[in-house]
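Down below is the structure, laid out as structure tokens.
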Amino acid sequence: MKTLQLLTSVGRSWLARLIWGDSPRLVPIAYWRLATALGLAAALALPSGVVAQKKSAHLDKVLRDKIEKSDRGPVRVIVRTVPGKHAQKAAEFEKRGHKKHGQFPLIDGVNLTVRASELEELANDPDVIGVSLDAPIVSHLTTATETLLRKTLALPNASFSYSVGSNVGVAIVDSGIRSNNDLLASRIVAFRDFTGGNGAVEASPVDGYGHGTHVASLIGGTGEMSTGLQYQGVAPNVNLVGLRVLDSSGAGFTSSVIAAVEWAVANRDAYGIRIINLSLGHPVYEPAAEDPLVQAVEAAVRAGIVVVASAGNCGYNSATGQSGYAGINSPGNAPSAITVGSLDTKGTETRGDDTVAPYSSRGPSWYDAFAKPDIVAPGHRLVGRQFPSTLTNLLPNSRIADKYGNLTYIRLSGSSMATGVVSGAVALMMARHDYNWPNGPALTPKMIKGILQYTAIPLTSTDALTQGAGGLNAGAAAALAGGINTGASASSYWATEGTYPQTTIGGVTYNWARAYVWGSNIVWGDAILYNRALWSNNIVWGDNIVWGDNIVWGDNIVWGDNVIWDESADSDH
């Protein structure tokens, strides 16, 4: 069976197995250049196994393989039906003897266990548009002290309401949250447990694995138990909603994540949910348009929720330490998600020594060749609050003392951590805008993503498939978000402050990217400073649209000699 896992360490994905095979090896660069010359786009879009189109066009890669191998055992799947028919088909499936685990109206989906020998019949049902493995989910965590987090993000003193994320709700879909002095129980406004297979079960906040609490600490921990608040999170006054989908071993199902996203969308007004944090994922097995988890993310964004997803930790071969491209995990391949890679700041405030962590997944996305990640953020060796959990037992040497000498913090690394940092930054952006424009329309998810990329600080000698637009510049993003008059007339210049395209950190001034990673291209210009249709909720990120003036289209950043496995990666972690 397939479970949703935290993107921990550098577990090799299906993609990595395609490239390296069952025995890790590096494909020679010359071979990749030849593949590029012959049509690497086709290679990414049509991986091996697509030859079975006629009999299994509606099945993902893993399920097609099961048919090819004549597997007859049980398998958990997510079936997507034609719009409006999921309830009817769920009843029909049960009558056929399939075990039903749940339904997902958000994506017209049904969660079943069927025999592999029945997959073709299921896929050939005229009311079925897709059958996907209910994939195992993992957190994007690796076992690798960042004491200068707020300073390197150019954040102000946390004394003002708009600098702490007040009144913004963040739903953390993870292993749970355990309340503590840094994460008071009063700030966990709702908690639901999806791990029992019984849907959204109301429960007291718990976190047996420990990953969700660490992520929550980076998003909004007060740092109360650390000396001088040195381990304070990015937005230490956000409201937290805990949606537990991973058990005490860090395992879960894709179906649980979809159910949690669906719950967040349905209850967004009741609990003020404006951000969903997904520091987890699974390998990409099918195009984004057919991936049920991606479709749940896209539906959440259409509903006005910003979804921040981790890129994954499949950026290098754990056996050789060699870096490679096209390792983005699902749902990081969702076009409208803000997909985050991990930045290693070397523990310094300034940006000149920053690098993208070698384990951080690079783009493009498999099948669709979307340019990802969208941005990178501090994610290497970050310290967050922790209590006795599976992680503290597994990583005793990573525990860190609080101001009283007790080991109540833990140091972790991964795109999971970077994702939490960006979610906190998004909360600051929203709070700053709410403070300045209390009666204006809210920032849309597209505006948030555009501002983050426009204000990012690019890394030198690093390509867009590795860093996206660049490193998170949270202070500048919050300032520009606060200056956007969302009530301005269409096509008008709506930026009233925070537009100067430079940021000074630690006495060093850095230029902003002033760019957007759009589909498979990079676009330069000041489009975010104007009220244009492209920032509305009815535009899918990457669609072919009319941008207007003041932009310059760059080269297509996906297809080229850099879509290869790098021979000069850092050592393993």
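Every read-out reported here was derived from the displayed coordinates using simple, explicitly stated rules and does not represent laboratory data. What you see is a predicted model, and the numbers here were worked out from it, not measured in a lab. So basically every Cβ, Gly included, is an ideal-geometry build from the backbone, and we count neighbours across all protein chains shown.
Any chance you could run the full-extension gain for A266 through N521? It's 0.36 nm times the residue separation minus the Cα-Cα distance, nm to one decimal. Write out the running numbers ahead of the final one.
Numbers: separation 255, 0.36 × 255 = 91.80 nm, distance 3.39 nm.
Separation in residues times 0.36 nm, less the Cα-Cα distance, equals 88.4 nm.
Among D182, D108, D71, what is the fewest-to-most ranking by other Cβ atoms within 10 Å?
Details: D182 26, D108 22, D71 15.
Final ranking by Cβ density, sparse to dense: D71, D108, D182.
By other beta-carbon atoms within 10 Å, ranking H140, H58 with the fewest at the front produces H58, H140. Packing here is the average count of other Cβ atoms within 10 Å per residue, and on that basis the peptides 366-372, 213-219, 119-125, highest first, run 213-219, 366-372, 119-125.
Using R₀ = 30 Å, calculate the FRET efficiency as 1/(1 + (r/R₀)^6) where r is the Cβ-Cβ separation of V82 and N393; round to 0.05. Result of the calculation: an efficiency of 0.05.
Peptides 417-425, 96-104, 248-256 ordered by packing proxy, namely the average of other Cβ atoms within 10 Å per residue, highest first: 417-425, 248-256, 96-104. PRE reach from N181 (point 7 Å along Cα→Cβ): which of segment 370-408 fall under 16 Å by backbone N? Under 16 Å, as judged by backbone N against the label point of N181, lie 384-388, 400-408 of segment 370-408.
Backbone N atoms of segment 501-538 closer than 16 Å to the 7 Å Cα→Cβ label point of A289 belong to residues 519-520. Checking the table K89/K449; K66/K372; K66/K95; K85/K372; K61/K99; K100/K449 against a 28 Å threshold on Cα-Cα, which pairs fail? Distance filter (> 28 Å) returns K89/K449; K66/K372; K85/K372; K100/K449.
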